[in-house]
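Down below is the structure, laid out as structure tokens.
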Amino acid sequence: MSEVQRTSLEAITPGMGLGEMVYGPLRREDLKAYADASGDDNPIHQDEEYARRTGAPTVFAMGMLPAGYLAHALSDWFGGPQHLRRFKVRFTTRSWPDDEIVCNGRVVSIEGHIVRVEVEGRRRGDGPPELNLEREQVALIGEADIELPE
Amino acid sequence: MAEDELVFDLPVELDHVQEFARAVGEDNPVFFDAEVAEQHGFPNVVAPPTFTTTQILQVSREERERRLGANLDYGRVLHGEQEFLYKRLPVTGETLKGRMRISKDFTKEGKRGGSMRFVTYESVFTDEAGDEVLTARYTLIETAKDVG
């Protein structure tokens with residue numbers, strides 16, 4: 001959990017960064033654990049051969065796993081999940097085994113009691129050698145509304 | 001004939017919430033321990049914000065397709081976007097009622113000439129008193145057949 005807790009509006013200013021939170025590195029067991037917990041049993045996330053047959057070099061994470069990490073980061077940034085009013089993400093690239101997921105965010109605006117933040121999760125790692133990926137890429141990007149007391 | 005709306009139950013059970021919380025790396029005790037959750041003003045252990053994606057355990061992709069009839073080719077489908085609107089978070093011991101429908105279905109031309117179809121499944125979850133808890137919007141993108 002985060003040491004800095006932004007639990008009231010007076011602690012927040014537009015433009016303020018929320019601080020990096022790093023999850024992973026993603027292991028195949030993490031994909032399996034998320035598949036079991038979430039019910040997303042698409043074999044493309046667990047079965048190496050199946051993934052290859054679809055044209056992927058190996059298995060990759062279901063988008064909702066890094067999205068779950070980003071929700072985790074939001075909860076820790078603002079002192080718990082109870083203030084979250086909206087959370088939206090768009091997936092921009094896949095995350096691969098051994099990637100770390102680096103979450104970050106920034107306060108965009110404050111209107112009334114609602115703090116709007118931009119958030120992103122970057123995958124960081126070598127990725128499958130066949131893909132020759134950049135070491136760090138934005139895997140998901142989004143925004144959230146947090147309702148805080150004065 | 002496709003149905004307009006698919007209604008299902010989503011039980012919020014302690015073991016499942018804890019398992020899901022561990023799977024997204026959670027360490028905040030409000031997701032594991034009822035006493036701590038109560039100290040933070042929750043009536044019981046809280047489900048993580050993305051927990052309702054477990055709706056797939058109640059309504060399989062096949063059932064969703066058969067009953068809502070988006071007719072997607074899953075060999076070309078990606079999860080494009082996800083949005084949640086919260087009144088509050090679910091807590092263990094309750095069973096939410098989900099109402100799922102296709103809220104958006106449109107096609108747009110892609111940058112490389114192929115078209116992309118966006119289909120959004122919106123699930124509105126209410127509690128046992130009938131009050132709204134949260135809305136989840138799950139957007140799939142079906143890519144064009146022959147764009148490389």
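Remarks
- For segment B:84-136, the C-alpha radius of gyration sits at 1.60 times the compact-globule guess of 2.2 N^0.38 Å, with N the residue count.
- Pairs from the list B:K97/B:K145; A:K88/B:K108; A:K88/B:K97; B:K104/B:K145; A:K32/B:K145 with a Cα-Cα gap above 28 Å: B:K97/B:K145; A:K32/B:K145.
- Residue by residue along A:74-82, Cβ atoms of other protein chains within 10 Å of the local Cβ number 5 on average.
- Calculated mean residue ellipticity at 222 nm for chain B: -4500 deg cm²/dmol, from DSSP H runs with n ≥ 4 weighted as -39500 (n - 2.57), summed, divided by the residue count and rounded to 500.
- Segment B:97-148 - percent relative contact order, Cα under 8 Å, separation 6 or more: 35
- Distance from the Cα centroid of segment A:5-67 to that of segment A:95-113 is 13 Å (rounded to whole angstrom).
- A Cα-only calculation for segment A:7-150 places Rg and Dmax at 16.6, 54 Å.
- In this structure the amide hydrogen of B:G80, modeled in the peptide plane, comes within under 5 Å of the amide hydrogens of B:T139, B:L140, B:I141, none closer than 5 places in sequence on its chain.
- The string of couplings for segment B:42-56 from the Karplus curve (6.51, -1.76, 1.60, θ = phi - 60°) is 8, x, 6, 4, 8, 7, x, x, 9, 4, 5, 5, 5, 4, 4 Hz, one whole number per residue in order, with x for Gly and Pro.
- log10 of Debye I(q)/I(0), alpha-carbon scatterers only, for the protein assembly as shown at 0.15 Å⁻¹: -1.27
- Chain A: relative contact order in percent, alpha carbon pairs under 8 Å with at least 6 residues between: 30
- Across all directions, the average projected area of the convex hull around the alpha carbons of segment A:1-63 is 6.8 nm².
- Mean Cα-pair separation over length for chain B, i.e. relative contact order, pairs under 8 Å, 6 or more apart, %: 27
- For chain B, diffusion coefficient by Stokes-Einstein and Kirkwood Rh (Cα), 37 °C, 0.692 mPa s, µm²/s: 196
- Only helices enter the 222 nm calculation for chain A: every DSSP H run of n ≥ 4 contributes -39,500 (n - 2.57), and dividing by all residues gives -6000 deg cm²/dmol, rounded to 500.
- Basic side chains Lys and Arg get +1 at the Cβ, acidic Asp and Glu get -1 at the Cβ, and with that the dipole of chain A about its Cα centre reaches some 280 debye.
- Derived scalar couplings ³J(HN,Hα) [segment A:51-61; Karplus, 6.51 cos²θ - 1.76 cosθ + 1.60; whole Hz; x for Gly, Pro]: 4, 5, 4, 7, x, 7, x, 6, 5, 9, 6
- As a rough guide to protection, the peptides A:116-124, B:77-85 ranked by mean Cβ packing within 10 Å, highest first, stand as A:116-124, B:77-85.
- Looking at segment B:1-33, the GluC sites (Glu not before Pro) that sit in a DSSP loop and have at most 16 other Cβ atoms within 10 Å of their own Cβ are B:E3, B:E5, B:E13.
- The mean number of partner chain beta-carbon atoms within 10 angstrom of a residue's beta-carbon across peptide B:52-63 is 3.
Since every read-out is calculated from the coordinates, none of them should be taken as a lab result. Bear in mind the structure is a predicted one, so any value in this text is a computation, not a measurement. Don't worry about glycine lacking a Cβ; one is built from the backbone with ideal geometry, like all the others, and counts go over all protein chains shown.
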